[in-house]
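The values are calculated or read from the model by the stated rules, or taken from the named source; none is laboratory data. Computed from a prediction, not measured in an experiment: that's the story for all the values here. Neighbour counts are summed over all protein chains in view; Cβ atoms, including those assigned to glycine, are modelled from backbone coordinates with ideal geometry. What goes into the accessible areas is simple: the full protein's heavy atoms, side chains included, and nothing from ligands, DNA or RNA. Shrake-Rupley method; radii C 1.70, N 1.55, O 1.52, S 1.80 Å.
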Amino acid sequence: MPSAPTLERKFSPDWAIDRNQLAIPNKFVIPDHVQRNTSRVGDDVWDLRCTIARVNSFEHRARFDFRTIDSEGEREFIREYLYLCLNFDHLGSCRWQLQGLTPDAACSNSPMIRYFLRCVHNTGRTLYDINQNWLDQWLQEHRHLSASSLVHRISMIRRLFTYEPEMSFQSLQIAPWGMRSATKIAGYRLNTENKTNRVPEAIYAPTLRWAMFMVERGVDDLVRFRNNVKSTGVNASSLPPGATVKSALDAYLSRLRQQHRKVPLVEGGGPSRSAIARETGISWSSLKSVHCEGVIDDAIQELGGELEGQSFGWSNLPDTVIPWRSSTTTKEAFFLLGQALGACYLVVGLLSGMRDSEVTALRRGCVKIVKNAHGQVHRYEIEGYIFKGSRKKGFSRQKHTWITIKPVADAIIAAEKIQDHLCGVRNVPLGEEERDLIFARPALREGNSAAMKGGQSNTFINSFANACTEQLEEVCARATDAQIGQIRALYSIPPTTQGTQWRWQSRQLRRTLAWFIANQPFGVIAGMLQYGQASELMFEGYAGTSASGFRDEIEQERQRARLTDIVALYEGWLDGERLGGPMGAKLSSEFDRICEELGELPVIGAKPLAITLRSSGR
């Protein structure tokens with residue numbers, strides 16, 4: 001274990017922290033969480049949950065535990081440093097214009113400063129006697145880090161110098177790297193290019209087709225199957241009072257006869273002891289006895305046997321006559337519900353443009369169906385929160401309403417059905433704040449959060465996409481040769497150019513939708529309406545610019561769309577239709593000029609005519 005860094009207190013510190021005051025300033029606290037801001041400077045643990053707006057924030061950033069630092073000197077040094085990061089804004093009062101850090105950023109600074117203190121200690125120095133040559137050498141040794149990571153470390157070191165007069169410990173005595181910019185020192189080059197991949201249509205189209213099927217039918221099938229299994233037996237974990245193994249098994253077989261059911265089997269052909277044990281309460285060891293095995297074998301001869309779920313009425317895949325499943329167990333159906341939750345997330349994220357933090361924060365009852373005076377559905381609305389970040393105040397949440405389409409509303413309703421079913425079967429109950437979350441994880445461990453934290457939604461989406469590929473092979477195995485071609489054309493998800501499966505990420509969904517919208521006629525306007533933005537920043541920034549070719553490709557697509565429209569207008573003009581609108585007179589004049597030069601062009605098809613009218617398209 002490395003020794004603790006040497007940290008010396010000043011003989012007469014001019015300033016000391018009041019350990020009884022609040023550690024977190026109220027400017028970082030979520031308005032409705034002010035009462036939860038109770039952490040004091042001297043507490044062993046600072047609870048930061050009152051500052052966290054997004055439900056998908058990582059749990060380890062919700063608290064800072066000073067007890068993890070063994071050395072008392074290092075612990076108090078970090079305490080003072082973090083307090084100053086949170087409570088002092090040095091804009092305008094120091095040479096580097098250092099802003100106060102948000103609680104989240106301050107926590108991420110802690111491991112960096114602890115590492116730096118050990119680097120100083122390992123060279124036999126203390127903070128107050130290191131010089132610029134030492135800092136230059138340290139920076140050179142860490143050039144393998146990314147430029148943005150180095151910027152954060154340089155700013156952390158500069159804070160040690162800036163905070164030195166306020167701390168009770170001796171710290172840096174030199175101004176690190178003088179007045180040079182941290183970005184120039186680190187070699188950072190600002191790049192506005194968004195490098196997030198957009199999902200190719202060949203991949204998202206079949207995946208979305210699977211997802212929509214799960215939303216419309218698959219979720220209902222799984223919930224109905226699990227409820228049906230519950231209703232057909234006692235679902236016992238032990239024998240009923242006064243019952244024996246023989247009487248419980250006889251009662252079970254009698255129920256099978258009355259309900260015209262077959263004995264459940266496993267893939268290998270033997271009896272499914274797990275299914276029988278679940279309905280009878282008989283232990284596995286008892287079911288393996290010679291007597292029980294003999295009775296079950298006789299029942300199979302009498303009643304027949306089938307894989308669990310084989311006789312259940314599974315829905316057919318759309319545009320096919322093949323059920324999407326042949327069988328399943330109740331345990332497998334539980335995991336399938338988790339994958340179905342990933343399907344719901346995929347539909348919401350891909351068709352609404354909501355960010356990951358906004359989707360995972362949706363709660364029950366968020367879908368509002370607005371009807372007109374005639375009782376017809378006018379539109380679908382989603383009520384939720386948007387989260388906006390600020391260097392000064394951290395993340396804040398604001399209520400927001402999205403106007404969306406029916407498939408998105410259906411996906412949210414399907415996710416609610418999943419949560420309604422899981423509420424009765426979870427091994428760990430949900431906390432008060434997580435009880436209404438629509439995208440809560442199915443399986444939990446004691447003390448873990450049910451909310452999908454940053455990146456966990458990717459796991460659910462990829463699990464669903466991988467399951468689609470596996471399920472396709474199972475469906476094709478039950479189809480005829482004539483059916484297989486159509487099924488694969490509709491539901492086969494191709495690999496990437498590298499031969500691997502596409503790796504889904506939640507941020508790809510929003511960018512893919514932006515690309516799709518921008519490719520349509522009047523796409524930028526459609527994008528502004530969809531995202532509630534007043535400029536083309538969504539497409540120029542988020543969807544990608546410059547090297548990605550986004551703007552150039554979009555402009556080509558728009559010209560092609562305009563050319564198609566002009567061809568249609570030309571055909572109508574030849575038939576005597578009047579051209580209206582602000583461009584009507586100009587187009588009529590252009591068509592007259594073309595007729596004078598070339599004569600009346602016949603309607604020869606869009607492509608040759610488009611070449612002739614290309615200047616009008618521009």
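Tabulated data
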{"item": "Full-stretch length increase - Ser146, Gln21 - with 0.36 nm per residue and alpha-carbon distance subtracted", "result": "41.2 nm"}
{"item": "Gyration tensor (alpha-carbon) shape descriptor, segment 298-341, a/c threshold 1.5", "result": "oblate"}
{"item": "Area of Arg511 that stays accessible when all protein chains are in place (1.4 Å probe, Å², to 10)", "result": "10 Å²"}
{"item": "Probe 1.4 Å, protein heavy atoms only - accessible area per residue of segment 26-186 in square angstrom", "result": "45 Å²"}
{"item": "Note, ³J(HN,Hα) from phi for segment 333-343, Karplus 6.51, -1.76, 1.60, rounded to Hz, x at Gly and Pro", "result": "4, 4, 5, 5, 5, x, 5, 5, 5, x, 5"}
{"item": "For Glu306, residues with placed amide H under 5 Å, excluding near neighbours", "result": "Val263, Leu265"}
{"item": "Arg67 paired with Ile405, simple spin-label distance in nm, labels 7 Å along Cα-to-beta-carbon", "result": "5.3 nm"}
{"item": "Förster-model FRET efficiency, 30 Å R0, Asp32 and Lys371, C-beta, rounded to 0.05", "result": "0.40"}
{"item": "Most to least accessible of His374, His400, His421, His152 (protein chains only, probe 1.4 Å)", "result": "His374, His152, His400, His421"}
{"item": "R0 of 25 Å, Cβ-Cβ distance Gln501-Asp481: FRET efficiency to nearest 0.05", "result": "0.45"}
{"item": "Nearest-0.05 FRET efficiency for Ser254 and Glu293, computed from C-beta distance (R0 25 Å)", "result": "0.85"}
{"item": "Heavy-atom accessible surface of segment 26-186: percent carbon and sulfur, 1.4 Å", "result": "47 percent"}
{"item": "Theoretical gain in end-to-end length, Asp220 to Cys595 [0.36 nm per residue, Cα-Cα removed]", "result": "128.8 nm"}
{"item": "Long-range amide H partners of Tyr385 with built H, under 5 Å", "result": "His400"}
{"item": "In segment 250-317, trypsin sites (Lys or Arg not before Pro) in a DSSP loop with at most 13 other beta-carbon atoms within 10 Å", "result": "Lys288"}
